[in-house]
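Single-structure report; data block below.
The values are calculated or read from the model by the stated rules, or taken from the named source; none is laboratory data. None of the values given here were measured: they were computed from a predicted structure. Note that each Cβ is placed from the backbone with ideal geometry, even for glycine, and that neighbours are counted across all protein chains shown.
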Amino acid sequence: MTSATTAAVTPAEHEALRRALVLAATEGFDLGPNPRVGCVLLDADGATIAEGLHRGAGTPHAEAAALANARDAVGPDALRGATAVVTLEPCAHTGRTGPCAQALLDAGIARVVYAQSDPNPVATGGGELLRAAGVDVVGGVLVDEALALNPVWSAAMELGRPFVTWKFAATLDGRTAAADGTSRWITSTASRADVHRLRAEVDTVLVGTGTVAADDPSLTVRDAPLRGPQPLRAVMGLRDVPTGARLATTGPDGAASLHLRTRDPRAALATLWEHDRRHVLLEGGATLAAAFWRAGLVDEVVAYVAPVLLGAGPAVVGDLGVDTITGAVRLEVVDVTVLTPDPVDGPGDPGPGETNVRLTLRPRKE
Ligand code: AOF
Ligand code: ZN
C-alpha cells in the first residue's frame, strides 16, 4: 500500500481531490455492488480540464467518464501530460467495463493522484500498472475521506463477503413477542418507518425459513424513498418456503427473492456475494441471529427498543453458547437516537405513539 502526505501533492491536486470527493458524494450512486468514485483531470498548470463520476454498476467508471468529458470539451490532445485525480485507485481489470489504468495510459496521462487503494482483489493493481508504464503515481491522499465515501463497500471488500447489519425491534427486556406470540404493537410508528429507511440502504434483507413460516413478512421497502432497486429478499434454511408466502409472491416490480438452502451463515453469505450483494440486513429470527453471532459474522447492530416490559416471550437472539459472564458478547455503542412520536400518532398512545430508542452498535474488536 502506498501512503502519502499532502506534501506529495500540489495545492491544485489537493483541491481537485476534494472536488472529486464532493462529486462522488453528491451525485454518485451509493447502492449496489460498486463504490462511489469521482475523478478530476488537470492540465500542467493545475487547471481543471474535465470531471467525471461513477453512476452505478455497468455504467462507466469515474476515470472513463472524465476522459470522455475531456475529449468532448477540449479534444484528445489536451490530455497528453495531464494529471488524473481520483478518489479510488484506478482499476486494472476488465469487468463490466474496461480497465481504467489502461485508459489513462492510452490517453497520455502523465501523473495520477488517488486517495484509497482499491481493496477489491479483482480490480486492484492499477497503481502498479501505471507506475510500471512510467506514470508518476501518488496514492494514499485523503484516505479517511475516501473511506467515509464508501464505508460499507470498503468493509465488504476487505472481508470478502457482504457486510452484515443485524436489526431487531424489542421490548426493554429484549423480547420480540409476548408468550402467546402476539407482537402488535411493540415498537412505535416512528421505529417502523425507520426500519424501512434502513432497508432502503441495503441491497439484501435476510430472514430464516422459521420467520417466514411464523410471520409471513413481505420485507419490501414501503414507507421510505427508494433510491435504487428494492433489496433482494433472501430466506435461509432447509425448510421449504410456502408457495403462497408474501415475500415469494408479492412486491413491487423488481423485488426479487432467493431461497438459500443452507444452515451455514458463511455459505449463505458466499452465495449472496456471488450475486453481487454487499450489505445484508439480518431481520430475524432469534435462531438465525445466534448462528451469525456464533460464526462471527455480525458487523453492526441496529436495535429498536420500546418502553415495554413483557417478562416472558421469545428473546431477540438464541443460544450464543455463553455460560459465564466472561464469555459475554460485548458491543460498543456508536449511536443513540431517540425516536420521538409524530403528533398524528397520538403522543403517549401505547405502541404507535410512544417514544422509542434506536441504538447502533458494533462488536468489540478483541
Ligand atoms: C466503479 N466505479 O469509478 C471505479 C471502480 O464491476 P466493474 O467492472 O464495474 O468494476 C467494479 C470495480 O472497479 C470496483 O469494485 C472497484 O474495485 C473498481 N473501480 N469501480 O464502479 C469507478 N473506479
Ligand atoms: Zn475502473
**Cβ-Cβ under 6 Å pairs, at least 6 apart or on other chains, the stretch 14-40 side under 24 Å from ASP276 (Cβ atoms), far side within 16 Å of ligand 2 (Cβ to nearest atom) and of a type in the set (S, T, N, Q)** = ALA24/THR87; PRO35/ASN150; ARG36/ASN150; VAL37/THR87; GLY38/THR87
**Item:** Count of residues meeting criterion [within 16 Å of VAL40 (Cα to Cα) and near ligand 2 (Cβ under 9 Å from one of its atoms)] in the stretch 92-105
**Value:** 3
**Request:** Just need a number here: residues in the stretch 57-87 that are touching a residue at least 60 places away in the same chain (Cβ under 8 Å) and within 11 Å of ligand 2 (Cβ to nearest atom).
**Result:** 1
**Fill in**
Selection from the stretch 157-171 of residues surrounded by fewer than 19 Cβ atoms within 10 Å (Cβ to Cβ) and not small (Gly, Ala, Ser) yields GLU158, LEU159
**Request:** Answer yes or no as to whether VAL329 is among the aliphatic types (A, V, I, L, M) and closer than 27 Å to GLY56 by Cβ.
**Result:** no
**Item:** Check on VAL195, touching a residue at least 24 places away in the same chain (Cβ under 8 Å), assigned to a helix (DSSP H, G or I) and farther than 23 Å from ALA270 by Cα
**Value:** yes
**Matching residues in the stretch 315-343 - criterion: being in a loop (DSSP other than H, G, I, E, B) and over 19 Å from SER188 (Cα atoms)** = VAL317, GLY318, ASP319, LEU320, GLY321, VAL322, ASP323, THR324, ALA328, VAL329, ARG330
**Message:** I need the full set of residues from the stretch 60-82 which are in contact with a helix residue (DSSP H, G or I) (Cβ under 8 Å, 6 or more places away or on another chain) and within 20 Å of ASN34 (Cα to Cα), in order please.
**Reply:** PRO60, HIS61, ALA62, GLU63, ALA64, LEU67
**Prompt:** Just one of GLY284, GLY237 is closer than 26 Å to ASP223 by Cβ and either at pLDDT 95 or above or under 27 Å from the mean Cα position of the chain (by Cα) (or both); which is it?
**Reply:** GLY284
**Request:** Quick one: which strands (runs of 3 or more DSSP E) lie wholly within the stretch 1-99 and hold at least 1 residues that are away from ligand 1 (no atom under 12 Å from the Cβ) and surrounded by fewer than 21 Cβ atoms within 10 Å (Cβ to Cβ)?
**Result:** 48-53
**Request:** Report, ordered by the first and then the second residue, all pairs with beta carbons closer than 9 Å, sequence separation of six or more or different chains, a first member in the stretch 144-159 that is under 22 Å from ARG18 (Cβ atoms) and in a helix (DSSP H, G or I), and a second member that is within 12 Å of ligand 1 (Cβ to nearest atom) and of a type in the set (Ser, Thr, Tyr).
**Result:** GLU145/THR87; ALA146/THR87; ALA146/TYR114; ALA146/SER154; LEU147/SER154; LEU149/THR87
**Complete:** Picked from the stretch 141-156 (must be farther than 19 Å from GLY32 by Cα and within 22 Å of the chain's Cα centre (by Cα)), the residue surrounded by the fewest Cβ atoms within 10 Å (Cβ to Cβ) is ASP144
**Message:** Out of the residues in the stretch 106-137 meeting the condition of being in contact with a helix residue (DSSP H, G or I) (Cβ under 7 Å, 6 or more places away or on another chain) and under 14 Å from ASP43 (Cα atoms), tell me which one is farthest from ligand 1 (Cβ to nearest atom).
**Reply:** GLY108
**Within the stretch 317-360, considering residues that are touching a helix residue (DSSP H, G or I) at 6+ places or on another chain (Cβ under 7 Å), surrounded by 14 or more Cβ atoms within 10 Å (Cβ to Cβ) and charged (D, E, K, R), the one nearest to ALA170 (Cα to Cα)** = ARG358
**Request:** Search the stretch 106-134 for residues being assigned to a loop (DSSP other than H, G, I, E, B) and touching a Cys at 6+ places or on another chain (Cβ under 9 Å), and hand back the single one that is nearest to ligand 2 (Cβ to nearest atom).
**Result:** ALA123
**Asked** Just one of the numbered conditions (1) more than 30 Å from GLU201 (Cβ to Cβ); (2) assigned to a helix (DSSP H, G or I); (3) more than 12 Å from ligand 1 (Cβ to nearest atom); (4) touching a helix residue (DSSP H, G or I) at 6+ places or on another chain (Cβ under 6 Å) is not true of ALA103; which one?
**Response** (3)
